[in-house]
Amino acid sequence: MIRQRNAQRCRVWLAAFTLFSAAVSAAPVTAPTGATFALKIPDLPVYDQHGRQLNFYSDLVKGKTVVIDFIFTTCTTICPQLTMAMRRIQQQLGDRIGRDVWLVSVSVDPTTDVPERLQSFAAKFDVGPAWTFVTGRKPDIDRLLTALGSARGGSDHATTILIGNDRLGCWKRSSGFAPIATNLKLILDQAGPSACAP
Amino acid sequence: MTRGAASLACGLLLAAVGAHAAGLSGHSGDTLSGSEQRGKNVYLGIGVAESGIKARVGSPPAAAPAVLLACVNCHGRDGKGKPEGRIVPSDITWDALTKPYGVTHPSGRTHPPYTERLLVRAICMGLDPAGNELHPTMPRFQMSREDVGALIGYLKKLTSDADPGLSESAIRIGTIVPAGGAPAAAGRTASSVISAYVDALNRQGGIYGRRLELAQATLALDAPDADIQANFDRFISERRPFAMVGSVITGAEQSIVAAAERQHIPFVGPLTLWPEAAAASTQTFYLLSGVQQQARALLDFEKRRSPESTPAVALVYSQRTMPAAAIGQVQDAARRLGWNAVHAIDLDRDAPRMSVERLKTEPATTRVLLLADGRAALEFARACAEADWTPLLLVPGALASNDILAIHRSSPSRILIAVPSVPSDQTNAGSAEYRALADTYRLPAEEMASQIAALCSAKVLTQGLKLAGKALSRSTLIEALEGLADFDTGLMPRIGFGPNRRIGAPGAYIVEVDPAAQRFKQVSQWVDIE
């Protein structure tokens, strides 16, 4: 009871503080570049979190608008948070997920991240539909990461997310930790008809 | 609410929490007070849901599962921060937080030293002492004043806090002995080998000047899961073992491994047929393969020998032996290895004779992976013989026991068995060491498999403790074990682990039952299934 009351109090203060802390300097997260670019994505064999074999380009990217992030399941620091950010994107896009936008998380540690491991990682975050976690043979994933511009594997992987409209052939980069509204706008722009407008 | 009113309200909270936290700082010594232990649990993310701790994270902060955002995840066991992907979590050891001249971070952010009140503000509201917003990856926590006070109390102790069961002079190691039932004899024998090994090790000076102490839990493994967990938890909180080793936990794998995981206790070499039951474990290190890995080794071996490009195999199982999920995983593994038409027959549902008739009509099925033991397996073998059908039977050794020779008498089929170790794994030095131990400590001549497995567990744990060095902690032990490669116990295949490898020798040898000699004949080298 006491704990509940305290929690409630903390919530009120929290709300109040959010109001004025918004005025304080913004956190230094990498801003989205906004520049669009083309990506040649190889159609490599990969496995999803259910152990199904897929071809990365033709099954996950072709003709779609996709958001791609890079994770590994033994990472306890930023990967859970990136995944939470992706989950937020998924929730905010509602029924547009799986219709207009698809999500893909690529493991940068395919040797460790077998499908079962990806599945249990995904389950922790209650990931919804149209979100594929990807692993595969190390040489294939290495090639894929190089093609996606995220070649540095292991714990030094970037917090970058890629947002691409394959139908129109253009991609943008952002930070997974950028304000959610910024990333949502980028994603919706990319999913729209003027995705590749300068 | 105006900004002034908000500050005042928060000020009252901070004052209250500050007083609470200050009350804790008088404690000293190796053990933590009740409140500091509570703070440590908050830090490690233990019991977060029960405490009602909530978190908001991201930009702008939004509700997120606090259980996935424990302090330790980013700041590390030592509080110094684990940089990753260009995010550098702050050093939150008390000395670093309260440096009198403040802190300038690599990002250029600078602020005066923290006080307890300012730290509460940082934890709850994400502001540093200068009022700068903390990075969006630092969660904003919502927790009771008792919890935040306890957490701050613990942060003051972080640098000097040793893991439970660890002192300058001793390392306490826990074992489990089953209270009764079939595993009790194996469990007692395993435990006596470990006692002997530990005593011998202590006589040689222990590990870096620390003696090993044994703490024994007697648990009824056939009790309901909740009781096993409660009893194990009580053992952990009363005896405070630093790590667990080599215990027979058959039948209670899920409960015990889950409890060890939850309590962050390294567990080396639990003796179980189901190491896969805890595939995502971080704390638990199994030595040998279990049913699933042995099934895969059989499929791998047989596929390589098969002239067909997509040979067929029938999975014949009993759900009393194999959990449903495990059957699905074996089936998936078979498909990935290139097996086709993987028929699955449930012996609990289908009468053996009907199953055999059904399989016999499939012309391509000449191999059966038998995932059942005891009577179910025997009846199936008899039904094969009666139907004059002689498929090749593939049997994981973990399910074989003595039934296998009986099966052989009931069926003219050839039988291949996957075993995790063969006598030739034993080196002269390894055998001599065991014999010396057995002579000195009058070890019984029964339950040899359990004895060897328990001894190897103790040797692997000892090697991990040595590699972790004098500055031992549970996390350095886990790191050391993950770095273990090709470790030769002298009694089983070489053991190695890795970040995603929790089975020391993931594979098996294939042996065939030799009906003439009534013994096993080795027909393969080591089949690695990684």
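Every number in this text was worked out from the coordinates using simple rules, so none of it is lab data. Predicted, not measured: the structure shown is a model, and the values here were computed from it. Note: ideal-geometry Cβ built from the backbone for every residue, glycine included; neighbour counts use all protein chains shown.
Of B:Phe235, B:Phe380, the sequence from fewest to most neighbouring Cβ atoms within 10 angstrom is B:Phe235, B:Phe380. A simple spin-label model places pseudo-atoms 7 Å from Cα toward Cβ; at B:Met448 and B:Ala185 they are separated by 1.6 nm.
Can you sort B:Met244, B:Met448 from fewest to most other Cβ atoms within 10 Å of each residue's own Cβ?
Listed from fewest to most nearby Cβ atoms, that is B:Met448, B:Met244.
Sorted from fewest to most neighbouring beta carbons within 10 Å, what does the list B:Phe520, A:Phe121 look like? Before the final figure, lay out each step's value.
Details: B:Phe520 20, A:Phe121 24.
Fewest to most other Cβ atoms nearby, the residues stand as B:Phe520, A:Phe121.
Name the residue farthest towards the positive end of the dipole of the protein assembly as shown from the options B:Phe285, A:Ile68, A:Ser107, assuming +1 on Cβ of Lys and Arg, -1 on Cβ of Asp and Glu, about the Cα centre. Checked the options; the winner is A:Ile68. Remark: mean inter-chain Cβ contacts per residue of B:126-137 equal 5, using a 10 Å Cβ-Cβ cutoff to other protein chain atoms. The average projected area of chain B, computed from the convex hull of its Cα atoms over all directions, is 29.2 nm².
Starting from 0.36 nm per residue, how many nanometres of slack lie between B:Arg375 and B:Asp233 once their C-alpha separation is accounted for?
47.5 nm
If you take the Cα atoms of the protein assembly as shown, find Rg, then find the Kirkwood Rh from the mean of 1/r over all pairs, what is Rg/Rh? Display every interim value, and only then the final one.
Working: Rg = 28.6 Å, Rh = 28.4 Å.
Over the Cα atoms of the protein assembly as shown, Rg/Rh equals 1.01.
On the beta carbon distance between B:Glu308 and A:Asp100, with R0 = 41 Å, the FRET formula returns roughly 0.35. Ignoring lysines fewer than eight residues from B:Lys360 along the same chain, the ones with Cα atoms less than 29 angstrom from its Cα are B:Lys303, B:Lys521. Across the cross-link table entries B:Lys156/B:Lys459; B:Lys157/B:Lys466; B:Lys54/B:Lys157; A:Lys185/B:Lys40, which are compared at the Cα atoms, the separations over 30 Å belong to B:Lys156/B:Lys459; A:Lys185/B:Lys40.
Once the Cβ-Cβ distance of B:Ser475 and B:Ala49 is raised to the sixth power relative to R0 = 41 Å, the FRET efficiency obtained is 0.95. With respect to chain B, whose longest principal axis is taken over its alpha-carbon atoms, helix B:225-239 is tilted by about 50°.
Model label points for B:Ala325 and B:Asp488, set 7 angstrom from Cα along the Cα-to-Cβ axis, are 3.8 nm apart.
With r as the distance between the Cβ atoms of B:Ala63 and A:Thr182 and R0 = 25 Å, compute the FRET efficiency 1/(1 + (r/R0)^6) and round to 0.05.
Values: r = 20 Å, r/R0 = 0.79.
For R0 = 25 Å, the calculated efficiency reads 0.80.
Before anything else, pin down the relative contact order of chain B: Cα pairs under 8 Å, at least 6 apart, normalised by residue count, whole percent.
Values: 964 pairs, mean separation 65.4, N = 530.
With pairs under 8 Å counted, the relative contact order is 12 percent.
By the Stokes-Einstein formula, at 0.692 mPa s and 37 °C, the range B:82-241 with its Kirkwood radius over alpha-carbon pairs has D equal to 165 µm²/s.
Within the range A:122-152, find all residues whose amide N lies under 13 Å from a label point positioned 7 Å from the Cα of A:Lys40 along Cα-to-beta-carbon. Counting only backbone N, you get A:147-148.
Ordering B:293-300, A:67-74, B:480-487 by mean Cβ neighbour count within 10 Å, with the highest value first, yields B:293-300, A:67-74, B:480-487.
Mind putting a number on the dipole of the protein assembly as shown about its Cα centre? Charges go on the C-beta only, +1 for Lys and Arg and -1 for Asp and Glu, and I need it in Debye to the nearest 20.
Values: 75 positive and 67 negative charges, 386 e Å.
In debye, rounded to 20, the protein assembly as shown gives about 1860.
Here the range B:31-46 is scanned for amide nitrogen atoms under 18 Å from the site 7 Å beyond the Cα of B:Arg262 along Cα-to-Cβ, giving B:38-46.
Evaluate peptide A:70-82: per residue, the Cβ atoms of other protein chains within 10 Å of its Cβ; return the mean as an integer. Don't skip to the answer; put the middle values down first.
Values: counts 1, 1, 3, 3, 4, 4, 11, 13, 10, 3, 9, 13, 2.
Mean shielding count: 6.
Report, in debye and to the nearest 20, how large the dipole of the range B:307-430 comes out about its Cα centre when Lys and Arg carry +1 and Asp and Glu carry -1 on their Cβ. Don't skip to the answer; put the middle values down first.
On the way: 12 positive and 13 negative charges, 7 e Å.
Dipole about the Cα centre, nearest 20: 40 debye.
Against the compact-protein benchmark of 2.2 N^0.38 Å, the Cα-based radius of gyration of the range B:362-481 scales to 1.55.
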